Amino acid sequence: MTRTVLRLIGVGAVIAAASGAGSNVILSKAFGQAELAALNGKKLFEKETFGGNGRTCQTCHSKHTGTIGLADVQQIIDKGDPESLLVGDALDDDGVGTTRVQANATIAITLKLPPLVTMADDPGATHVTVFRGIPTTRNTPALDPILMYDGREPSLQQQALDAIHDHAVNTFEPTPGQLDAIAAFQRTDPIFFSSDELRRFAAGGPPPELPPGVTPAEKRGRTFLVDAPFDPPSKRGICALCHSGPMLNRINQAHSTFTGGVPRPGVRFFNIGVNIVNTPNNPIRRWIVNDGVNPAVTIESPDLGILLHPTLILDPSHPPLPPPFILPRAVLAQNFKIPTLWGVKDTAPYFHDNGARTLRDAVAHYKRFFNFTEEQDPVGSASLGGRITLTDDDVDDIVAYLQLLGPNRMDR
């Protein structure tokens, strides 16, 4: 026992000395597997590269926002750090340029095509590359079992392992104990929560409550987030149709009731027309979706969202998907995970493709979604559109309230 303690003290002293000297020591080169197994999740998250391209978990999930925004990318470019975000999947197709990541803060994600999806424009393809923003880790590891924009990762450990493989391009494998340590760090450290209230909720405390608001704009904005029946032309509760529950990230009963039971209450995925806008101008691909029950459907889109999930078997917390004879799988095309709104003011850009640069841009998108039918505007909602009129003043009020949901403002 004494030897073990002394050994850990020695390892910690070396790390502290290296950090104090401003060293860029890669832990995977400095220590063997036994020493690494003793390191805590914080060190693994912040420092460990697993012998890869220089990236760590923190490279893409910053302390301040849990993601990487446009300002972060520009800072990295100005700094010229060779062990930075700007390698591999962050680069342009030529493997050198940084035009895309500077413009959109997106990275290339290469995914294996699931059995029900093929490419009409590349019939022999087994994988496809899409361009997405980096999902924030703010309020996610301990509070959201649905991981990634398409929900494909079954656990924090598997998500970390896949990121180490695909984005850090490791040369040696993390141990199960190291993956557990990374997951434990993410579930408990304060940097992964936007408020003490949410941290207490993750530890078994009471769920967070919508603050009342102080300014007239905040109070007006709050009315859009309350759980209320969808009763056009009233706009009360329209944000809560998809942002309900303790984490403000799920379909509510009012939404399901108004649309005849589909989607079900608690569903975490929805299509709000972001791919149609395609602000980043991502490549449009031709996908064929064949669920084996319904006629095959060809879809033109930059990204199919949840249909790129390898199995469509979601976390047990999510309502099970109806079988294909009830819910044709092509209907799910371009559905993406509904994010939490807690702390949202700090996690720009927004949407899976980072197509909304600011919080106001993100909220303003819903003017097209709500104000028009699908026939009037392709972004208009087929089930909810054309029934209310969301105004610029409404957008301002909603933004004012969403900013209230940010860090250290929960008690206002």
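The values are calculated or read from the model by the stated rules, or taken from the named source; none is laboratory data. If you're wondering where the values come from, they're calculated on a predicted model, not measured in any experiment. Quick reminder, even Gly has a Cβ in these numbers, built from the backbone with ideal geometry, and neighbours come from all protein chains shown. To get the accessible areas, we keep the full protein, side chains included, count just its heavy atoms, and leave off ligands, DNA and RNA. Shrake-Rupley method; radii C 1.70, N 1.55, O 1.52, S 1.80 Å.
Quick look at the values:
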| item | result |
| --- | --- |
| Enumeration of residues in region 221-238 that are touching a Phe, Trp or Tyr at 6+ places or on another chain (Cβ under 8 Å) and open to solvent by 30 Å² or more (accessible area, probe 1.4 Å) | ARG222, PRO229, LYS235, ARG236 |
| Residue within region 143-153 that is among the acidic types (Asp, Glu) and under 21 Å from ILE288 (Cβ atoms) present | yes |
| Failed item in (1) open to solvent by less than 60 Å² (accessible area, probe 1.4 Å); (2) within 17 Å of PHE270 (Cβ to Cβ); (3) assigned to a loop (DSSP other than H, G, I, E, B); (4) free of Cβ contacts under 8 Å to residues at least 60 places away in the same chain, with GLY386 passing the rest | (2) |
| Answer from ILE109, ILE68, ILE134 - the residue that is within 24 Å of GLY305 (Cβ to Cβ), modelled with pLDDT under 95 and not aromatic (Phe, Trp, Tyr) | ILE68 |
| Residue among PHE325, PHE336 that is over 17 Å from the mean Cα position of the chain (by Cα) and in contact (Cβ under 8 Å) with a residue 12 or more places away in the chain | PHE325 |
| Cβ-Cβ under 7 Å pairs, at least 6 apart or on other chains, region 351-379 side closer than 18 Å to ILE338 by Cα and part of a loop (DSSP other than H, G, I, E, B), far side of a type in the set (S, T, N, Q) and open to solvent by less than 10 Å² (accessible area, probe 1.4 Å) | ASP353/THR106; ASN354/THR106 |
